[in-house]
Amino acid sequence: DAKTTQPTSMDCAEGRAANLPCNHSTISGNEYVYWYRQIHSQGPQYIIHGLKNNETNEMASLIITEDRKSSTLILPHATLRDTAVYYCIVRMLNRDDKIIFGKGTRLHILP
Amino acid sequence: KAGVTQTPRYLIKTRGQQVTLSCSPISGHRSVSWYQQTPGQGLQFLFEYFSETQRNKGNFPGRFSGRQFSNSRSEMNVSTLELGDSALYLCASSLGDNRPGYTEAFFGQGTRLTVV
């Protein structure tokens with residue numbers, strides 16, 4: 001599976017948009033970009049995924065660059081409950097359900 | 001609908017003992033995966049079961065094993081426990097259907113195992 005690079009940590013003011021970048025320069029054409037987050041002491045939570053088009057759901061938006069080498073997860077109005085570690089993952093869908101987690105980005109929402 | 005349920009939530013065992021952890025997936029989900037999370041190594045994939053068969057395995061010693069029952073419930077077993085096995089063990093379930101929109105994995109709260 002392709003590897004991803006994320007900043008170790010980020011801060012964001014409550015109420016502002018949190019933009020979390022992810023670099024996946026070696027992504028192949030049939031790999032999807034997935035985002036999960038893990039709030040302290042809980043299991044990871046699925047957020048969103050996409051292939052090449054931008055995606056939006058009730059939790060977040062995912063912006064994937066045209067060359068697919070990077071993406072940004074956007075939490076439009078961050079709250080204190082969004083404080084978590086955010087994992088960017090690339091996966092092929094013609095394989096099993098193995099997920100390779102990196103170190104993720106620790107997002108701190110500041111009051 | 002009920003989420004992924006892991007039991008027990010907390011466990012303390014002694015070195016050399018064995019332990020069995022249980023995972024009940026979301027109803028209708030046929031794939032169950034297990035992960036180990038430690039502060040040093042992060043989240044690491046252990047193995048995945050689909051329709052009672054192990055479909056993939058991570059790089060863990062043979063002391064770590066698992067199985068899946070016909071109702072998709074899964075158990076993992078660790079034999080001859082070592083201090084380094086202390087970790088949060090997470091179970092995830094999914095439909096196991098590798099089509100877009102059907103691939104999200106849902107995680108349980110985990111079992112925190114402490115080996116003393």
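Could you pull the Cα extents of the protein assembly as shown along its three principal axes, largest to smallest, in whole Å?
Computed over the Cα atoms, the extents are 50, 39, 34 Å.
For A:I48, what residues show an amide H to amide H distance below 5 Å, using hydrogens built from the backbone and excluding near sequence neighbours?
Correct list: A:W35.
Please list, in chain and number order, the residues 5+ apart from B:T5 or on another chain whose amide H is under 5 Å from its amide H, with Hs placed from the backbone.
B:S24
When we measure straight from the Cα of A:K69, which lysines land under 28 angstrom away, once same-chain ones fewer than 8 places off are left out?
A:K3, A:K52, A:K98, A:K103
Among B:Y10, B:Y89, A:Y32, rank each residue by its count of other Cβ atoms within 10 Å, from fewest to most, as a rough exposure measure.
On the way: B:Y10 9, B:Y89 23, A:Y32 17.
Ranked by crowding around the Cβ, least crowded first: B:Y10, A:Y32, B:Y89.
Just checking the output field for A:74-83: average partner chain Cβ neighbours within 10 Å of each residue's Cβ? Numbers along the way, then the final one.
Details: counts 0, 0, 0, 0, 0, 0, 0, 0, 0, 0.
The shielding value for this peptide is 0.
Only counting other Cβ atoms within 10 Å, I'd like A:T105, A:T26 sorted with the fewest neighbours first. Intermediate values should be presented prior to the final figure.
Values: A:T105 21, A:T26 12.
Placing the least packed residue first, the sequence is A:T26, A:T105.
Find the relative contact order for chain B and round it to a whole percent, using C-alpha pairs within less than 8 Å whose residues are 6+ positions apart. If you can, show how the numbers build up before the last one.
Values: 298 pairs, mean separation 41.3, N = 116.
Relative contact order for chain B comes out at 36 percent.
For segment A:7-21, just list the computed ³J(HN,Hα) in residue order, Karplus coefficients 6.51, -1.76 and 1.60, θ = phi - 60°, integers in Hz, with x standing in for Gly and Pro.
Result, ordered by residue: x, 5, 8, 8, 10, 8, 6, 4, x, 8, 7, 9, 10, 9, x Hz.
Only Cα pairs within less than 10 Å get springs; with that Gaussian network setup on chain A, which residue of A:R16, A:R81, A:R91 has the largest fluctuation?
The residue that fluctuates most here is A:R81.
Could you list A:V90, B:V116 so that the one with the fewest beta carbons within 10 Å of its beta carbon is first and the one with the most is last?
Values: A:V90 22, B:V116 9.
Lowest to highest Cβ neighbour count: B:V116, A:V90.
Could you derive backbone 3J(HN,Hα) for segment A:54-71 from the dihedral phi with the Karplus parameters 6.51, -1.76 and 1.60 (θ = phi - 60°), listing whole Hz in sequence and x where the residue is Gly or Pro?
5, 10, 9, 9, 5, 9, 7, 10, 10, 10, 10, 5, 4, 7, 6, 7, 8, 8
Only Cα pairs under 8 Å and at least 6 apart count here; give the relative contact order of chain A as a rounded whole percent. Present the calculation step by step, with values, prior to reporting the outcome.
Details: 270 pairs, mean separation 41.9, N = 111.
Relative contact order for chain A comes out at 38 percent.
Mind putting a number on the dipole of segment B:33-116 about its Cα centre? Charges go on the C-beta only, +1 for Lys and Arg and -1 for Asp and Glu, and I need it in Debye to the nearest 20.
On the way: 7 positive and 7 negative charges, 11 e Å.
It comes to approximately 60 debye.
Within chain A, which cysteines find no other Cys whose Cβ is under 4.7 angstrom from their own?
A:C12
Taking every DSSP beta bridge that has both residues in chain A, what percent is antiparallel when rounded to the nearest 5? Display every interim value, and only then the final one.
Working: 29 of 34 bridges.
About 85 percent, rounded to the nearest 5.
Values quoted throughout were computed directly from the atomic coordinates according to the rules given, and no laboratory measurement underlies them. Remember, predicted model here, so these are calculated numbers, not experimental data. Positions of Cβ are generated from backbone atoms using ideal geometry, with glycine treated the same way; all protein chains shown enter the neighbour counts.
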